[in-house]
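The values are calculated or read from the model by the stated rules, or taken from the named source; none is laboratory data. Keep in mind that this is a model prediction, so the values were computed, not measured. Because the Cβ atoms are built from the backbone with ideal geometry, glycine has one as well, and the counts that use them run over all protein chains shown. Surface accessibility is based on the protein's heavy atoms, side chains included, excluding ligands, DNA and RNA. Shrake-Rupley method; radii C 1.70, N 1.55, O 1.52, S 1.80 Å.
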Amino acid sequence: MCGQMDHNEACEVSCTSNDDCEPGSRCALVDPSDPNAPIVLRCAPRLGAFELGDACQRDDVCGSGLCHEGFCTEPCGTCANGMACEPSTIHRYGIDTNLSVCRWRLAAPALELGPIDTPLPDGASVEFDVPPNLASFVVVLESDEGLRVTAESLQAPDGTLLIDPADRASSLNPAVDYIGIVSVLVPASDRVEGRPQPGRWRIRPNTYDPTLFGELQPLPGRIDRISVLFEPETEVGGQLDLVLGLSPGLGIDVKTASTSTFVMRLLERIDTHYAPAEVRTADVRFVLLDATHDTVEDGVETRGMCATLSEPGPRGVSVNVFVVEDLSYTDGHSGGIPGPPGIHRSNGSCIVVESLGNGAHTGTLVAHEIGHFLGLHHTTGVDGRPDPISDTPICAEGTEVSECPDYDNLLFPIFPLQSDLQLTPGQIDVLRRNPLLHERPR
Ligand SMILES: [Zn+2]
């Protein structure tokens with residue numbers, strides 16, 4: 001008979017994941033006592049009191065005896081809801097071991113559809129079923145070839161056209177188009193009823209010429225992936241993780257960035273703008289960008305930075321914000337409205353802003369771009385078009401900018417850099433439904 005305290009070979013059950021071990025025990029890395037031997041995994045009694053996914057700093061506080069990237073993890077197997085089994089390099093007993101472990105991936109797609117060739121035949125669409133009790137869902141369309149992508153139409157189960165091909169921009173729930181990847185958030189408007197209706201939805205994605213801006217010229221091709229993410233009603237609002245990339249020209253040491261006045265003012269300002277929405281910044285990681293990015297010349301370079309430098313962060317939902325000395329073609333750029341939630345290393349997986357010299361002012365600029373990344377349009381578009389939200393004021397054509405009734409809204413296109421810019425209840429309602437926000441304080 002083998003008891004918990006037995007350590008003779010015959011009693012030690014080898015394992016590849018926790019699923020192989022009895023309840024109350026764990027699949028543990030065992031010290032091979034020989035630096036040239038591979039690490040072996042054997043079932044062992046649970047160690048600390050912390051559960052899978054809890055924040056940790058040491059192995060022995062975790063039941064699994066394995067603290068990795070700041071969270072209790074385990075060799076997988078089956079992972080908890082919101083986690084995914086992913087390959088990792090675990091360094092223990094002086095040895096690097098490649099092991100699949102559970103990691104937080106809070107915005108993992110619920111459905112993977114596609115690929116499809118575009119255009120779809122006349123009248124055809126991609127269909128998917130939406131469960132009840134969702135706060136929102138997001139459909140992400142990706143073209144590996146880098147074509148411009150968007151949804152031509154989107155139809156709710158009751159037949160309502162949320163994206164109307166006859167007048168896309170004035171649709172009830174408009175979606176933007178973008179190069180290589182685009183996200184369609186439902187609801188993107190507080191006017192959408194049913195929020196969102198359970199049942200069968202129909203989307204008609206298409207591909208367009210990426211070299212044309214401001215017009216959609218269909219170009220046959222392919223959409224390689226169509227991912228659908230579901231955000232349950234119970235997970236609305238919460239915390240926002242950031243990866244903050246800093247270009248060397250800003251003169252901030254990334255190792256001590258959290259104590260730099262510029263960074264502290266920047267983060268404080270984001271929290272100030274989002275306090276009315278009860279959204280606050282949580283885990284913030286700092287990355288030093290390459291000096292070649294001190295000046296970012298154009299959208300091609302911005303999309304390249306998103307595609308090569310963005311990181312998922314500890315829970316898979318970090319918004320990557322790259323602050324550079326000079327963004328030559330604009331002040332700030334968001335990788336879509338909204339950005340692709342939980343998808344990193346794509347053209348749309350980041351925000352790039354230029355430093356305004358002052359941390360607080362730069363923080364207001366970042367907060368504006370985060371508004372786009374979470375799904376908010378400009379209150380009044382630069383083309384004069386209103387956003388899809390019912391309670392944001394609209395600036396009439398010809399009005400002096402500072403006289404616009406939405407001049408003090410965070411999503412006005414030419415906003416003053418002040419801390420008291422507004423978010424309306426309608427805007428707050430939309431942004432809080434974004435799957436990037438999480439309630440995982442532990
Ligand atoms: Zn903007």
Subject >> Label point distance in nm, Asp408-Asp209, each placed 7 Å from Cα along Cα→Cβ >> reply: 4.5
Subject >> Sum of side-chain charges, Glu145 neighbourhood, beta-carbon under 13 Å (Lys, Arg +1; Asp, Glu -1) >> reply: -2
**OP:** Please calculate how many Å² of accessible area segment 236-431 carries per residue, with a 1.4 Å probe and no DNA, RNA or ligand atoms counted.
**Re:** 37
Original post:
For the chain, what are the DSSP H helices with axial Cα length of 18 Å or more and mean Kyte-Doolittle hydropathy of at least -0.5?
Top reply: 261-274, 359-374
**OP:** Could you pull out every residue, at least 5 positions away or on a different chain, whose amide H is within less than 5 Å of the one on Ala282? Hs are placed 1.01 Å off N in the peptide plane, and Pro or chain starts have none.
**Re:** Leu240, Asp241, Leu242
**OP:** List the residues whose amide H sits under 5 Å from the amide H of Val176, counting only those 5 or more places along or on another chain, with H placed 1.01 Å from N in the peptide plane.
**Re:** Ile337
**OP:** Only bridges with both residues in the chain count here: give the DSSP antiparallel percent, nearest 5.
**Re:** 75
**OP:** Considering only Ser125, Ser355, Ser14, give the residue with the highest GNM mean-square fluctuation for the chain, with springs between Cα atoms whenever their separation is below 10 Å.
**Re:** Ser14
**OP:** Could you go through segment 239-254 in sequence order and give the Karplus-derived ³J(HN,Hα) for each residue, using 6.51 cos²θ - 1.76 cosθ + 1.60 with θ = phi - 60°, rounded to whole Hz, and x for Gly and Pro?
**Re:** 9, 10, 8, 10, 10, 9, x, 10, 7, x, x, 6, x, 9, 6, 4
**OP:** Under a 10 Å cutoff between Cα atoms, tell me which one of Leu216, Leu267, Leu141 has the largest fluctuation in the Gaussian network model of the chain.
**Re:** Leu216
Subject >> Extension reserve of the Thr330-Glu145 stretch, reckoned as 0.36 nm per residue once the Cα distance is removed >> reply: 64.0 nm
Original post:
Considering only segment 236-431, what is the antiparallel percent among its DSSP beta bridges, to the nearest 5?
Top reply: 15
**OP:** Would you mind getting me the FRET efficiency between Ser390 and Leu161? Use the beta-carbon distance for r and R0 = 25 Å, nearest 0.05.
**Re:** 0.85
Subject >> Exposed-loop-free span, longest in the chain, where GluC sites (Glu not before Pro) count as exposed if DSSP calls them loop and at most 10 other C-beta atoms lie within 10 Å >> reply: 1-214
**OP:** Determine the shape class of segment 274-388: with a ≥ b ≥ c the square roots of the Cα gyration tensor eigenvalues, call it rounded for a/c under 1.5, and otherwise prolate if a/b is greater than b/c, oblate otherwise.
**Re:** rounded
Subject >> the chain, accessible surface, carbon-and-sulfur percent (1.4 angstrom probe) >> reply: 50
Subject >> Value at 222 nm in deg cm²/dmol, rounded to 500, when DSSP H runs of n ≥ 4 in the chain each add -39,500 (n - 2.57) >> reply: -3500 deg cm²/dmol
Original post:
Can you list the residues, at least 5 places off or on another chain, whose amide H is less than 5 Å from the amide H of Val287, using H built in the peptide plane?
Top reply: Leu244, Gly245, Leu246
**OP:** Please label the shape of segment 335-416 as rounded, prolate or oblate, based on the square roots a ≥ b ≥ c of the eigenvalues of the alpha-carbon gyration tensor (a/c under 1.5 means rounded; beyond that, a/b larger than b/c means prolate, else oblate).
**Re:** oblate
Original post:
So, in nm, how far is label Leu288 from label His91 when the simple model puts each one 7 Å beyond its Cα toward the Cβ?
Top reply: 1.8
**OP:** Taking 7 Å along the Cα-to-C-beta vector as the label spot, tell me the Val13-Phe128 distance in nanometres, rounded to one decimal.
**Re:** 3.8
